[in-house]
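Since the structure comes first, as structure tokens, the remarks are kept for the end.
The values are calculated or read from the model by the stated rules, or taken from the named source; none is laboratory data. Keep in mind that what you see is a predicted model, and the values were worked out from it rather than measured. Here the Cβ is made from the backbone with ideal geometry for all residues, glycine too, and neighbour counts use every protein chain on show. Ligands, DNA and RNA are excluded from the accessible area calculation, which covers all protein heavy atoms including side chains. Shrake-Rupley method; radii C 1.70, N 1.55, O 1.52, S 1.80 Å.
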Amino acid sequence: MVETWKRIILYQESLNLGECKRHAKHRKVGVDIVRALYGVKHDLRVGNALLATTSNFTKGVYDFKASRYDLELRDFEGILKWLNEYHPNPDGELHIKDNNLVLPDN
């Protein structure tokens, strides 16, 4: 099952475009999806694009990203790290167990 949604986000007074892909762990996001998002970013004239996924990215995606400062990628582990960096729980870190987000005991 794949769920997709796109949003234009106002972040620190700049316009950004984000897309999320919910893929199975073994199903990597390919460069075609990233190229499409990047094209929409240019068409809408927004500053940055972010693609987040519950899986990972192909080598082609990382090659495409290498020369683009205005494109951010977040895989499953990157999303968890991001959550812990920006909204850490005072009692510890967030983690995933059996496909569920587990919060530290309060």
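At a glance:
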{"read-out": "Those residues of region 54-64 which are closer than 14 Å to Leu37 by Cβ and within 13 Å of the chain's Cα centre (by Cα), in sequence order", "value": "Phe57, Val61"}
{"read-out": "Scan of region 30-43 for residues that are within 21 Å of Trp82 (Cβ to Cβ) and either open to solvent by 50 Å² or more (accessible area, probe 1.4 Å) or modelled with pLDDT of 90 or more (or both), ordered by number", "value": "Ile33, Val34, Leu37, Tyr38"}
{"read-out": "Boolean, Leu101 is at pLDDT 65 or above, touching a helix residue (DSSP H, G or I) at 6+ places or on another chain (Cβ under 8 Å) and in a strand (DSSP E or B)", "value": "no"}
{"read-out": "Region 44-73: number of residues that are part of a strand (DSSP E or B), touching an Asp or Glu at 6+ places or on another chain (Cβ under 9 Å) and surrounded by fewer than 18 Cβ atoms within 10 Å (Cβ to Cβ)", "value": "1"}
{"read-out": "Condition met for Glu19 (open to solvent by 40 Å² or more (accessible area, probe 1.4 Å), modelled with pLDDT under 90 and touching a helix residue (DSSP H, G or I) at 6+ places or on another chain (Cβ under 9 Å))", "value": "no"}
